[in-house]
1. Rounded to a whole number, what % of the accessible area of the chain do carbon and sulfur atoms account for, probe 1.4 Å?
2. Classify region 138-279 as rounded, prolate or oblate, taking a ≥ b ≥ c as the square roots of the eigenvalues of its Cα gyration tensor: rounded when a/c is under 1.5, otherwise prolate if a/b is larger than b/c and oblate if not.
3. Any idea what angle helix 14-26 forms with the longest principal axis of the chain, computed on alpha-carbon atoms, 0 to 90 degrees, nearest 10?
4. Of the cross-linked pairs 108/144; 58/143; 182/264, which ones have a Cα-Cα span greater than 23 Å in the structure shown?
5. Restricting to Cα atoms and excluding each atom paired with itself, what does the Kirkwood estimate give for the chain in Å?
6. Given a 1.4 Å probe, how much area per residue of the chain is accessible, in Å²?
7. In whole percent, what relative contact order does region 129-217 give with Cα contacts below 8 Å and a gap of six or more residues?
8. State the antiparallel share, in %, of DSSP beta bridges confined to the chain, rounding to the nearest 5.
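The values are calculated or read from the model by the stated rules, or taken from the named source; none is laboratory data. Keep in mind that what you see is a predicted model, and the values were worked out from it rather than measured. In this analysis, Cβ positions are derived from the backbone assuming ideal geometry, glycine residues included, and neighbour counts consider all displayed protein chains. Quick note on the areas: whole protein, heavy atoms, side chains included, nothing else; ligands and nucleic acids left out. Shrake-Rupley method; radii C 1.70, N 1.55, O 1.52, S 1.80 Å.
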Amino acid sequence: MIPFEFEYIKPNTLEEAVTLYERLDSEGKEPVYISGGTEIITLGRLNVLYTGAVIDLKSIPECHVMTRENDRLVLGGCCPLTEVENANPFPLLTSASKEVADHTARTKITLGGNICANIFYREAVLPFLLAESTVTIMGPDGKKTLPINDLFDQTLQLNKGEFLVHITTDISSTKAPFFHMKRRKQWTTGYPLITVSGMKKDGDIRIAISGLCPFPFRSERIESCINDRFNSVEERVSSALQQLPGPILNDTEGSDQFRIFTLKNILSDLVKTLEGVDH
């Protein structure tokens, strides 16, 4: 049970949501947007998060869209992970999302909720970083659409009062050859030790990683090393490991050195899997 009272509002339009946020903020209620609500329950119980008002985005049609428009896939931020898995419009995304929590939790966890979460892992963002998707954001200054790789730097860089509406991905990227591997300390349960997603696009391998650092990331420096075909796979992986951002997580799930060791093996498998694939 959440140990504080809060006002709960469910707007029906993007504009209404922003207007509500501005009013509630002016009243000192520190409003938060939710699309699934699992994180506010968890963090609220731990006294890590407090709010006097919750704005639930699930009734806004633009936030719940799952459609194909011309040559693009559009997925709303309020789409539950299980809905995305069942429809499977983006197989790499399905592979990444179906390993987030358990099935019951994923009926509540949404794309936007996972990508904008406070938790370290946020695996649902990895496929979109690789696909170079665009995100549509709504806020006090109206609606805007930006490349996700420009807006995502450790977290989705949202200004005050902004929220994720939907994510758009080229169909060609959703069909690209991919690799996805998740390693846990406790086999199939518990938090991930490390998660790696890869995609072969335009002849090169793209890589995004979660669980290594306290944020998910895609690195051009790592990809440059991995795609240097003048060197052996072992040399390319060793060079890539020299380009890791910091800090490396060192916690109960695994030490920093064990994470790097695990990543080394995964990267080798990734390269060997995608190297000979034509795309």
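1. Values: 6430 of 13270 Å².
Carbon plus sulfur share of accessible area: 48 percent.
2. On the way: a/c = 1.94, a/b = 1.29, b/c = 1.51.
Note, shape of region 138-279 comes out oblate.
3. 70 degrees
4. On the way: 108/144 26 Å; 58/143 18 Å; 182/264 13 Å.
In this structure, 108/144 lie more than 23 Å apart at Cα.
5. Computed over Cα pairs of the chain, the Kirkwood hydrodynamic radius comes out at 19.5 Å.
6. Details: 13270 Å² over 279 residues.
Each residue of the chain exposes 48 Å² on average to a 1.4 Å probe.
7. On the way: 148 pairs, mean separation 22.3, N = 89.
This gives 25 percent for region 129-217.
8. Values: 41 of 47 bridges.
Counting only bridges with both partners in the chain, antiparallel ones make up about 85 percent.
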